[in-house]
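Please read the structure below before turning to the comments.
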Amino acid sequence: MFSPRTADEVAEFFRRRNDRVHISGASSESTEVETLSLSHLHSVLLYEPEEMIISVEAGITLLQLSTILSERGQWIPTLVANENNTYTLGGSIAEDQYQPRAKTLGMLRTTILGGTFCTTDGVLFKSGSRVVKSVAGYDIHRAFCGSRGFFGAIIALTLKVQPLPEVFFRFTASINLKDAIYQYNPTVIEAFEGELLVEIAGFREDIHQEKETLLSLIPPIKEISDTQWESRIKKIQIAKQQISISTEAELLLSKVKAVFDPKHILV
């Protein structure tokens, strides 16, 4: 395993490689190839809470990132450490696991404002910017979201953050209550194992009032713990991962991969 401490070391590693390489944090693990671990690249490069942006190196763990953001009352709703099986930010972006909150709070790729990346022929490049609205060329940085580690190494990312809700009310309910629950603007409302999995988040006083009303619904709803919530989210993510992509999507993926991985060494 090679664990670089700078972006230049990552580039040099790829320039001298011609055999198979696995980037630590991607979806597949292998002991038969050399591993590039970005665990030492975990610094916060820029954090401007007032501007709602943060720039961090890809090796930072989701727990570290969540802790930093929560101290300023912020979060990335589709990157919650307890709900994501992937350990690092880079791995989570490359994996892009299904997250029910994406339907209401925005897909993971839309939080990526820019970043620094490295192709497998050792070319470092930047894409995007540090502002929410930008016309700085193609959104190449968003192509790395869901790339499963096949487009090269993610070195650093600039992300858009959101205010962290004060409280969460999580429960299961009958499918028949879907229309009634929609009136409360849920952050998650997902059909799961024959019932609805629901999350409503916001200010403490508002959620308290909504909770009292919802608990009186017929058929009754059932409040669940954080542990039960995380277990259900992970089951949903596993189920969604089993869906195969189309032949056309596979062809497009191979064309893009050829640009970022000209040596065909990533696994």
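The values are calculated or read from the model by the stated rules, or taken from the named source; none is laboratory data. A quick note: this is a predicted structure, and the numbers were derived from the prediction, not measured. Positions of Cβ are backbone-derived with ideal geometry, glycine not excepted, and every protein chain shown enters the neighbour counts.
Condition check ((1) of a type in the set (Lys, Arg); (2) modelled with pLDDT of 90 or more; (3) closer than 23 Å to residue 83 by Cα) across all residues:
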site	(1), (2), (3)
207	no, yes, yes
210	no, yes, no
213	no, yes, no
218	no, yes, no
221	no, yes, yes
240	yes, no, yes
255	yes, no, no
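Residue 61 meets the conditions (1) closer than 19 Å to residue 143 by Cβ; (2) under 13 Å from the mean Cα position of the chain (by Cα); (3) β-branched (Val, Ile, Thr) in every case but one. The failed one is (1).
Being assigned to a loop (DSSP other than H, G, I, E, B), β-branched (Val, Ile, Thr), surrounded by fewer than 17 Cβ atoms within 10 Å (Cβ to Cβ) and modelled with pLDDT under 90, is that true of even one residue in segment 134-146?
Yes, there is a match, as at least one residue in segment 134-146 is assigned to a loop (DSSP other than H, G, I, E, B), β-branched (Val, Ile, Thr), surrounded by fewer than 17 Cβ atoms within 10 Å (Cβ to Cβ) and modelled with pLDDT under 90.
Given the conditions (1) in contact (Cβ under 8 Å) with a residue 60 or more places away in the chain; (2) in contact with a Leu (Cβ under 9 Å, 6 or more places away or on another chain), and given that residue 3 satisfies all but one, which numbered condition is not satisfied? Residue 3 satisfies every listed condition except (1).
Note on segment 207-224: residues that are within 11 Å of residue 181 (Cα to Cα), of a type in the set (Val, Ile, Thr) and buried (at least 17 other Cβ atoms within 10 Å of the Cβ) total 1. Taking first residues from segment 249-267 that are farther than 13 Å from residue 118 by Cα and touching a residue at least 12 places away in the same chain (Cβ under 8 Å) and partners that are surrounded by 13 or more Cβ atoms within 10 Å (Cβ to Cβ) and of a type in the set (Gly, Ala, Ser), the Cβ contacts under 7 Å between residues at least 6 apart in sequence or on separate chains come to 256/143. The set of residues in segment 170-184 being among the aromatic types (Phe, Trp, Tyr) and touching a helix residue (DSSP H, G or I) at 6+ places or on another chain (Cβ under 9 Å) consists of 171, 184.
If only residues of segment 155-179 that are basic (Lys, Arg) and more than 17 Å from the chain's Cα centre (by Cα) are counted, the one that is surrounded by the most Cβ atoms within 10 Å (Cβ to Cβ) is 170.
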